[in-house]
Amino acid sequence: MGAMIPVDENVLVNAVEKAGKSVVNIASVRMMQDQLYRVFPVEGVGSGVVIDGQKGYILTNNHVIDDAERLKVTTADGRVLRGRVVGSDEATDLAVIKVESGDDEGPLPAAELGDSSALRAGQIVIAIGNPFGLTGGPTVTAGIVSSLNRSIQARSGSVLELVQTDAAINPGNSGGPLVNTKGEVVAINTANMPYAQGIGFAVPINTAKEILDELVEKGKVSRPWIGIASIKVTPGVARYYGLGGGGGGGSGGRQEGVLVAGVEPYSPADDAGLRRGDIIEEIDGSRVDDPSQIASYVRKKRVDDRVNLTVNRYGRQFQVAVQVDERP
């Protein structure tokens, strides 16, 4: 029994009518083998949301279209179109597909994308899907935002910051939009999460916005990477490594920097000569004292950019230039 949502019903109905027009059904045909190596087609089903009606771009989950031989897209008004994958990204479980719509029928209605950074816990959200591609329109579940920035490890191994909701999310509405009461898309539902009863997860729309152009232009997202695992320097770590201006008791040593806990073989950091136990004190002249600062700094770089690290190796300070590469 779902919780009663204290809100004017018309608000929900209007939000669904506004966003529902842009929600499509995506049927994907994959070829599977049985024990006798006979190949047979298996149809998977999910949803998607139109983000560019003129160009026919539809946003959905990567796992909805993964390994598909053919995609059949059914729109909310019953058009059946062939779809093809334009770009996909396993790390965020997002993909963009493109459909060609007949000129006589005009462009598909595109959804309005909201701002997921404005979401609040307790806010009412509606998950819309089109699991059957039948007349009668989309299926709708409603709930609230239970929590934000929930870090969940996806099956691909990547860690995603997700919106957690108690609106029911299932394979049928996976890839479809999670909308706010204004009918704006605030997240993309994903059923590709470790099974959890009564909790749904959705990828924030701002995460999608960051990679949409790259998915459309390049078909994939290249993520800048230097190949180190690092931990915060605590006073204990600092004492052990003799950090803080020669370690003289009176110098009130600055315990700053990030300790390199591991260097991936053949990574840019490895090529540049970084070692386990090094302390990174600055990146391009800015002081660092938390591993997340390095991660977010590198993320904003382009592949082949250089970053200059100020490194402290057992009390000796020197500069290292690292060339950013694409995460393999």
| remark: Filtering segment 275-323 down to residues that are exposed (fewer than 12 other Cβ atoms within 10 Å of the Cβ), in contact with a strand residue (DSSP E or B) (Cβ under 7 Å, 6 or more places away or on another chain) and in a strand (DSSP E or B) yields 317, 318, 319, 321
| task | Take the residues in segment 63-102 that are assigned to a loop (DSSP other than H, G, I, E, B) and free of Cβ contacts under 8 Å to residues at least 40 places away in the same chain, then tell me which one is nearest to residue 31 (Cα to Cα). | result | 67
| Hey, residue 46 hits all of (1) under 16 Å from residue 19 (Cα atoms); (2) in contact with a helix residue (DSSP H, G or I) (Cβ under 7 Å, 6 or more places away or on another chain) but one; which does it fall short on? | (1)
| Among the numbered criteria (1) over 28 Å from residue 297 (Cβ atoms); (2) in contact with a strand residue (DSSP E or B) (Cβ under 7 Å, 6 or more places away or on another chain); (3) surrounded by fewer than 21 Cβ atoms within 10 Å (Cβ to Cβ); (4) modelled with pLDDT under 80, which single criterion is violated by residue 159? | (1)
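Inspect all residues belonging to segment 29-43 and state whether any of them is in contact (Cβ under 8 Å) with a residue 24 or more places away in the chain and crowded, with 16+ Cβ neighbours inside 10 Å. Talk me through it step by step, then tell me what you get.
Residues of segment 29-43 in contact (Cβ under 8 Å) with a residue 24 or more places away in the chain: 29-31, 41.
Pick out the ones that are also crowded, with 16+ Cβ neighbours inside 10 Å and you get none.
Looking through segment 29-43, none of the residues is in contact (Cβ under 8 Å) with a residue 24 or more places away in the chain and crowded, with 16+ Cβ neighbours inside 10 Å.
Only one of 49, 24 is open to solvent by less than 50 Å² (accessible area, probe 1.4 Å) and modelled with pLDDT of 95 or more; which?
Working: 24 fails: modelled with pLDDT of 95 or more.
One residue alone meets the criteria, 49.
Which of the residues belonging to segment 63-78 are over 18 Å from residue 108 (Cβ atoms) and hydrophobic (A, V, I, L, M, F, W, C)? Outline the logic, then answer.
So the first thing to find is which residues in segment 63-78 are over 18 Å from residue 108 (Cβ atoms), and the list is 63, 66-70.
Matches in segment 63-78: 68 only.
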| request: Within segment 102-123, identify whether any single residue is open to solvent by 10 Å² or more (accessible area, probe 1.4 Å), more than 25 Å from residue 221 (Cβ to Cβ), among the aliphatic types (A, V, I, L, M) and in contact with a strand residue (DSSP E or B) (Cβ under 7 Å, 6 or more places away or on another chain), and answer yes or no. | output: yes
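The values are calculated or read from the model by the stated rules, or taken from the named source; none is laboratory data. Small disclaimer: the values here were computed from a predicted structure and weren't measured. A quick note on method: Cβ atoms are made from the backbone with ideal geometry, for glycine too, and the neighbour counts reach across all protein chains shown. The area values use the complete protein model at the heavy-atom level, side chains included, leaving out ligands, DNA and RNA. Shrake-Rupley method; radii C 1.70, N 1.55, O 1.52, S 1.80 Å.
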